[in-house]
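The structure's right below; bear with me while I get my questions together.
Values in this text are rule-based calculations from the coordinates and carry no lab data. What you see is a predicted model, and the numbers here were worked out from it, not measured in a lab. Cβ atoms come from the backbone with ideal geometry, glycine included; neighbour counts cover every protein chain shown.
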Amino acid sequence: MYRAYSIASPNWDDKLEFYSIKVPGGPLTERLRHVQPGDVIWMRRKPTGTLVIDALVPGKRLWMFATGTGIAPFASIIRDPESYEKFDRLILVQGCRRIDELAYAASLAAQTVDDPLVGEMASGRLQLITATTREPSAITGRLTTRLADGRIETAAGSRLDAESDRAMICGSMAMLNDMRDLLRQRGFVEGSNARPASFVIEKAFVG
Ligand SMILES: Cc1cc2nc3c(=O)[nH]c(=O)nc-3n(C[C@H](O)[C@H](O)[C@H](O)COP(=O)(O)OP(=O)(O)OC[C@H]3O[C@@H](n4cnc5c(N)ncnc54)[C@H](O)[C@@H]3O)c2cc1C
């Protein structure tokens, strides 16, 4: 059985890392959760996807908006030195239902600034902003609501501006649609490898 997965490890790594949900009764993840060292997993050879920096025109800040496991592709991007060569700042914004679901993002950001290869580049330039919808936290509410009311920009200390900023979005179909509308209202244009522009999107799952 095959399912789409985002590669969470950076492209220089010789190990592949994935960040997976466990869906109760899910055809793949009900089995995946029991995988042991030494078990064999088959993967297709050719990765595909739209969340690539080459699909964006140059800018100052790269904003990455994720809900849930939609953070996986950004785990790769924030550990890639090229991201820091192309952007002054990387702002990773993750929304989850509960606070305990934010643990991966926190450890990922901490590991990245300690990393021997990218740590120095990331230090002071990588920022993590998190929000929750079902439990109160520093930012409570949906990412789209908190972007629209300015809370996320206040936390980032800068405006999300189509002139200077670029964005990547990975989440549920509903979140992608809402975020796409918000960005378009602010003058952002969706890009692709063939026609780079100011933002790109990718589904985090089919639901
Ligand atoms: C482009 C793409 C990239 C993906 N990358 C990842 C990834 O990096 N990590 C990951 O865990 N999953 C990812 N998925 C989802 C993944 O393909 C599987 O759907 C998921 O692992 C569950 O598989 P399953 O067979 O157990 O259940 P499925 O039958 O595939 O899913 C059952 C239901 O669970 C819900 N669901 C599935 N995945 C998620 C999710 N990640 N978050 C919230 N709800 C979900 C959906 O509503 C779905 O209908 C991705 C999907 C796509 C299309």
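What is the set of long-range amide H partners of VAL189 at a cut-off below 5 Å, with H atoms built 1.01 Å from backbone N?
The answer is SER198, PHE199.
Separate question: I need to check one value: relative contact order of the chain, counting alpha carbon pairs closer than 8 Å and at least 6 residues apart, in percent.
24
Okay, next question. Could you work out the Kirkwood radius for region 1-103, taking every pair of different alpha carbons, averaging 1/r and inverting it, reported in Å?
Values: mean 1/r = 0.0643 Å⁻¹.
This gives a value of 15.5 Å.
Projecting each Cα onto the charge dipole of region 53-203 (Lys/Arg +1, Asp/Glu -1 at the beta carbon, about the Cα centre), which of PRO136, GLY191, MET168 comes out farthest on the positive side?
It is PRO136.
Report the equivalent ellipsoid semi-axes for region 126-196 in whole Å, largest first, defined as the square roots of five times the eigenvalues of the gyration tensor built from alpha carbon atoms.
That gives 22, 15, 11 Å for the three semi-axes.
Taking the chain as the reference, fit the longest principal axis to its C-alpha atoms, fit the long axis of helix 173-185 to the helix C-alpha atoms, and give the angle between the two in degrees, 0 to 90, nearest 10.
20
Additional query: Using the crude model of +1 on Lys and Arg Cβ and -1 on Asp and Glu Cβ, and no other charge, please compute the dipole size for the chain relative to its Cα centre, in debye to 20.
For the chain, the charge dipole is close to 620 debye.
Which residue, ASP165, ASP14, ASP100, tops the fluctuation ranking in a GNM of the chain built on C-alpha contacts under 10 Å?
Comparing ASP165, ASP14, ASP100 in the GNM, the peak value goes to ASP14.
Could I ask something else about it? Hey, could you get me the Stokes-Einstein D for the chain, Kirkwood radius over alpha-carbon pairs, 20 °C and 1.002 mPa s, rounded to whole µm² s⁻¹?
Here the translational diffusion coefficient equals 122 µm²/s.
Straight-line reach from LYS46: which lysines fall under 27 Å, measuring Cα to Cα and dropping same-chain residues less than 8 apart?
LYS15, LYS22, LYS86, LYS203
So between ARG184 and SER137, what do we pick up on full extension, going 0.36 nm a residue minus the alpha carbon distance?
14.1 nm is the gain from fully extending ARG184 to SER137.
What residue among SER107, SER76, SER20 has the largest mean-square fluctuation in a Gaussian network model of the chain, using Cα springs under 10 Å?
Its mean-square fluctuation being the largest, the pick is SER107.
Next question, about the same structure. Per DSSP helix of 4 or more residues, -39500 (n - 2.57); summed, then divided by the residues of the chain. What does that give at 222 nm, rounded to the nearest 500?
Rounded to the nearest 500, it is -7000 deg cm²/dmol.
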